[in-house]
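Here's the structure, in structure tokens; my notes come after.
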């Protein structure tokens with residue numbers, strides 16, 4: 001449950017101003033297409049859809065460290081512009097897959113999730129910046145994770161849609177670890 005909570009919190013945070021990947025290890029490859037990439041230092045990319053009517057324009061998302069590491073805090077810095085008030089009833093459709101296995105498929109209350117980044121609904125229109133640290137569980141197993149987050153306002157209007165793919169391996173022992 002901590003795993004999905006970290007996913008929702010991080011994506012919701014960036015989804016409101018910008019949304020991830022919170023998985024980590026020592027050997028990671030991030031796979032993203034530059035054309036759809038969210039500006040900044042993160043594995044985030046925009047979903048393959050029309051974003052011209054999105055309520056939020058994402059200007060930048062930085063994740064520190066990038067790529068995220070299991071068992072470490074992930075600092076999310078996100079900036080963007082909110083064009084319409086985001087109200088109670090907004091939600092995130094979140095899907096997390098480990099390879100082909102669906103780990104999480106949930107509809108989460110966005111207003112509950114943004115409280116994890118010190119925001120509350122309604123989120124008024126204007127420029128928004130978020131800096132927040134979230135803990136990534138150390139138990140995240142090595143492999144490829146695909147995350148898809150579609151964020152929708154209570155009236156059905158799209159807020160944003162983001163996705164990320166992160167591949168990472170387990171810890172490799174060296175002579176110094178013996």
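The values are calculated or read from the model by the stated rules, or taken from the named source; none is laboratory data. In this text the structure is predicted, and so the values were computed from the model without any measurement. Note: ideal-geometry Cβ built from the backbone for every residue, glycine included; neighbour counts use all protein chains shown.
Annotations for the structure displayed:
- Tally, over region 73-87, of residues that are surrounded by fewer than 18 Cβ atoms within 10 Å (Cβ to Cβ) and under 13 Å from the mean Cα position of the chain (by Cα): 1
- Of note, residue 95 satisfies the criterion of being surrounded by fewer than 18 Cβ atoms within 10 Å (Cβ to Cβ), modelled with pLDDT of 95 or more and under 14 Å from the mean Cα position of the chain (by Cα).
This table checks each residue for (1) modelled with pLDDT of 95 or more; (2) surrounded by 14 or more Cβ atoms within 10 Å (Cβ to Cβ).
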{"residue": "89", "(1), (2)": "yes, yes"}
{"residue": "99", "(1), (2)": "no, no"}
{"residue": "110", "(1), (2)": "yes, yes"}
{"residue": "117", "(1), (2)": "no, yes"}
{"residue": "123", "(1), (2)": "yes, yes"}
{"residue": "126", "(1), (2)": "yes, no"}
{"residue": "140", "(1), (2)": "no, yes"}
{"residue": "143", "(1), (2)": "no, yes"}
{"residue": "154", "(1), (2)": "yes, yes"}
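- Being more than 16 Å from residue 160 (Cβ to Cβ), surrounded by fewer than 16 Cβ atoms within 10 Å (Cβ to Cβ) and in contact with a helix residue (DSSP H, G or I) (Cβ under 6 Å, 6 or more places away or on another chain) is a condition met by no residue of region 34-52.
- Looking only at residues in region 95-122 that are touching a helix residue (DSSP H, G or I) at 6+ places or on another chain (Cβ under 6 Å) and part of a strand (DSSP E or B), the one that is farthest from residue 143 (Cα to Cα) is 108.
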